[in-house]
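Written out below as structure tokens is the structure these notes cover.
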Amino acid sequence: MIILVGGEKGGSGKSCIAQNIAVYLRTEKDANVLIVDCDPQRTTSDWIQERNSNPKLPHINCVQLYGKIRNELLSLSHHYDYVIIDCGGQDNLALRSSMAVANHILIPLRPKRRDLKTVGHMEDIISTCKMVNPKMNVAFVITQCPSLPSLANRILEAKEVVRSFDVPVLNSVTFSRNMYDDSEEMGMSVMEREPEGKAAFEIRSIIDELLIRAKGDVSHVASEPKMQHAFG
Ligand SMILES: Nc1ncnc2c1ncn2[C@@H]1O[C@H](COP(=O)(O)OP(=O)(O)OP(=O)(O)O)[C@@H](O)[C@H]1O
Ligand SMILES: [Mg+2]
């Protein structure tokens, strides 16, 4: 199964989410996972190098691929339960080739105007790629949400903007938490730093909701985060 975490907005949390999803599936679902790093900045490759040099952390394989990677992804997907792609912040060949074959596509966006301005263009790319990959399960996810209750409306408004383009957006979100930055420093995930923490809960909720959506079973989909629990 191929899961793409992509989008054209820089800094929205693509690498962070791809890395945490990979650890979640590897450690909590006991799956055979490969990360594909398509970003020349090599953020995720560097993180993996640090991770795999720590013998206490479960090993995860990683390869770097650029350009027209459709066929390589398809053949890699036969050897792994999950191939997770971290695609850098541009509309490039690797992003479109990945979208042509991915089973699940997650597009992180911050609830900020400049991020939300990219939704229209992403929707164009999604529509084009759906012609060759009609079964793709695609959703936006709102990330780095402000934790001040007075700013809760920004999250709801961001979701409304995405929905206005007729693209699904997950109920699950990530809030802005130091835990994300702190955990990636050591090649770790938020689940490994604090298994019962709020960030760990957010990651589990995001990937579970994305995968459940694909089955068409919305009865188990996470509800909007309960604001009084989510903040802080
Ligand atoms: N929910 C969050 N709360 C706080 N910090 C976060 C969160 N998600 C990501 N970050 C931090 O934001 C920064 C950018 O995240 P990340 O590198 O994952 O973005 P990206 O979309 O991959 O960026 P690029 O487009 O450059 O590849 C990192 O320092 C990361 O630790
Ligand atoms: Mg990145």
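How much length is gained on full extension from LEU93 to MET1, taking 0.36 nm per residue of separation minus their Cα-Cα distance?
Contour length minus the Cα-Cα distance gives 31.1 nm.
Just order 14-27, 130-143 by mean Cβ neighbour count inside 10 Å, highest at the front, would you? Spell out each step's value before the answer.
Values: 14-27: 25.0, 130-143: 18.2.
Averaged packing, sorted descending, gives the order 14-27, 130-143.
Restricting everything to alpha-carbon atoms, can you work out Rg to Rh for the chain with a Kirkwood hydrodynamic radius?
0.93
About the Cα centre of the chain, what is the dipole size in debye to 20, counting +1 per Lys and Arg Cβ and -1 per Asp and Glu Cβ, all else neutral?
460
Can you give me the distance in nm between label points at GLU28 and LYS68, each placed 7 Å from the Cα along the Cα-to-Cβ direction?
The two pseudo-label positions are separated by 3.9 nm.
If I take every Cα pair under 8 Å that is 6 or more residues apart in the range 1-153, average their sequence separation and divide by the length, what percent do I get for the relative contact order?
Across the range 1-153, relative contact order equals 34 percent.
Once fully extended, how much extra length lies between SER150 and ASP46, figured as 0.36 nm per residue of separation less the alpha-carbon to alpha-carbon distance?
33.7 nm
Using modelled amide H (1.01 Å from N, peptide plane; none on Pro or chain starts), what sits under 5 Å from the amide H of ILE2, excluding residues fewer than 5 places away?
It is VAL83, ASN103, HIS104, by chain and number.
Helix by helix, which DSSP H runs in the chain go 15 Å or more along their axis at the Cα atoms and have an average Kyte-Doolittle hydropathy of -0.5 or more?
Helix filter hits for the chain: 119-132, 152-164, 198-214.
Report the FRET efficiency, 1/(1 + (r/R0)^6), for LYS130 and LYS56, where r is their Cβ-Cβ distance and R0 is 45 Å, rounded to 0.05.
For LYS130 and LYS56, the calculated efficiency is 0.60.
Computed from the coordinates by the stated procedures, all read-outs in this text should not be read as laboratory data. Since the model is a prediction, treat every value here as computed from it, not as a measurement. Neighbour counts are summed over all protein chains in view; Cβ atoms, including those assigned to glycine, are modelled from backbone coordinates with ideal geometry.
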